[in-house]
Amino acid sequence: MPALPAALMLLLGLWRIDRGMWWDEITTYEVATRDLPDILRLLHTVDAVHGLYYLVMHLLLPPGAGDALLLRLPSVIGMAAAAAGTAAIGRRLAGPATGLTAGLVLAAMPLASRYAQEGRSYALVTAGVVFSTLALLRALERPTAARWTAYTALVLPTTFLHPFVVLMLGAHGASLLAVRAPRRILRRWLCIAVPIVACATLFIAYVRAQAAQVNWLLTPTWNTVTDLIWQFTGPTTTMTVVTLTVTACGVLSADGRAAGSARIRGFALPWLLLPPSALLTFSLIQPVYNERYVLYSLPALALLVAGGLNAVACGATALVAQHRRTAPRNVVKRLPQRLPQGLPRRVLAAALGLGVPAALLFAQLPTHVWLRTVESRTDDQTAAARLLAEHGRDGDAVVFLPGTKRGVAYVYRRAFAGLNDVLLQQSPARSATLTGAEVPAHRIRHLLDAQQRVWVVERATSTRRPDRRTTSAVKRKTLREDFHLVREEAGWGLTVRLYVRDS
């Protein structure tokens, strides 16, 4: 059964996977293709939070090739594994039909597709959390040393893929309390959880020194909470209402025949609620929240939806049985008399389990299509590389605005091969930064005045983070006063301009 959700997620993940890369993906590709010593030097100054992911991707990516498929393939596989693992968890908690439904619901969710097609760590983190939860369930069923070792071997590296995974340990502890696990199970779990929390705390303390890289995050408001609900359940009002209604059916069900829904509730509710709530609460003190940091809670919602459908199926068959008891005899005689026990519920559960995910996928198809366009991300760096490859000449200068972010030149080396990054003083790898080091502001005019043609690649800046750098102001002033604009191509989230020196 888990193979079907995995296959659906693979299919959706590979659909139009060759979309242009945006800035975060460019960062992944550029950093991961540095020499190993250069990656390690970078992690001492910035982006240590993604260090393990960069090291994994270092084994896969060819330098300078700009291979979007290879960049995103681990995320596709990770989310497909998460869908399969979600199905396996649902099967253990509530039976095969509910498990299949949970896996298919996760695969049909637009947010799962978004991060399945993104060259960052979040899909792999989600897979790690799903399989660590599955390992916990197996250890709860039969607490052998091998099963606890498997749990540890999954939780620990997942925590180092992203430190906020440590919040999931709190959810696991709450789940063990909710299902009234024996004390010996709780003791074994604590012996594993406490050292992992200690390691994660040290890791978080280390990466906190690099917190300037997320200084764009804002203190959450109620709009942040509603947006998270919208992202998880929507993204349309109808889908949000349907998803929350079905989820509520499982959460509030007291029907003894829906015991599987109760078991799902014990594991999925803490998983869904605790990590986002904890991160949002902490962000009131120091903003660190972003929806992708709690993406790993999405499978819990899929499980609750499946549990809700299971509760609906149980309730519907109970109504049918009651109708059989109270209907007139001439009506009862026309009904089949020898149905296998539980067959109506199983048939209804199977129909709901396949029909509802299919309906969800169909209803959200426009969102899935949009997610596979460059407009679904903040910019399209690939478009800039394509334009320069077509129209750039050997010896042309290239300048980057705002600031010094030039990763695209290292990801698409062939497109930038004949161009002169005239303001670059140290490459990103050599300077152990994400951007590289440029010449001081007082040297910019002198260097630009020696050029005949200058290409400018400028990313759009938000009103929340305007570009006030002195170097950026000098670049713009020099180009405005000493050059004239001869070409301008506006892409998604960036603009490429060609300036020619005044004669």
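The numbers here are math on the coordinates, done by the rules we state, and not lab data. No experiment lies behind these values; they were computed from the predicted model shown. In this analysis, Cβ positions are derived from the backbone assuming ideal geometry, glycine residues included, and neighbour counts consider all displayed protein chains.
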Within the chain: Cβ-based charge dipole about Cα centre, in debye rounded to nearest 20 (Lys, Arg +1; Asp, Glu -1): 2300
Could you pull out the trypsin sites (Lys or Arg not before Pro) across segment 403-503 that fall in loop regions by DSSP (anything but H, G, I, E, B) with no more than 16 other Cβ atoms inside 10 Å? ARG464, ARG468, ARG469
Among beta bridges assigned by DSSP with both residues in the chain, the antiparallel ones amount in percent, to the nearest 5, to 75
What percent do you get for the relative contact order of the chain when only Cα pairs under 8 Å and 6+ apart count? 18
Lys/Arg Cβ at +1, Asp/Glu Cβ at -1, dipole of segment 1-76 taken about the Cα centre: which of ILE17, PRO62, PRO5 is farthest positive-ward? PRO5
Tell me the label only: which of (i) 34.6, 117; (ii) 26.3, 86; (iii) 26.6, 101 is Rg and Dmax of the Cα atoms in Å as calculated from this structure? (iii)
Quick one: what are the phi-derived ³J(HN,Hα) couplings along segment 206-212, Karplus 6.51/-1.76/1.60 with θ = phi - 60°, whole Hz, x for glycine and proline? 5, 6, 5, 5, 9, 5, 4
Put a dot 7 Å past each Cα toward the Cβ at ARG41 and TRP222; how far apart are the dots in nm? 5.2
Please name which of ASN420, ALA437, LEU447 has its Cα lying farthest along the dipole of segment 381-500 towards the positive end, using unit charges on Cβ (Lys, Arg +1; Asp, Glu -1) and the Cα centre as origin. ALA437
Can you find, among ALA300, ALA200, ALA409, the residue farthest towards the positive end of the dipole of the chain? Put +1 on the C-beta of Lys and Arg, -1 on that of Asp and Glu. ALA300
Taking the C-alpha atoms of segment 424-463, convex hull volume expressed per residue in Å³: 118
To the nearest 20 Debye, how big is the dipole of segment 1-135 about its Cα centre, given +1 on the beta carbon of each Lys and Arg and -1 on that of each Asp and Glu? 500
For ALA178 paired with THR281, estimate the spin-label separation in nm (one decimal), with each label point 7 Å from Cα along the Cα-to-Cβ line. 1.6
Distance between modelled label sites at ARG430 and THR245, nm, 7 Å Cα→Cβ extension: 6.3
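Report, in deg cm²/dmol and to the nearest 500, the calculated mean residue ellipticity at 222 nm for the chain, where each DSSP H run with n ≥ 4 adds -39500 (n - 2.57) and the sum is divided by the residue count. Can you show the working numbers first?
Working: 24 runs with 323 residues, N = 503.
Value at 222 nm, helices only: -20500 deg cm²/dmol.
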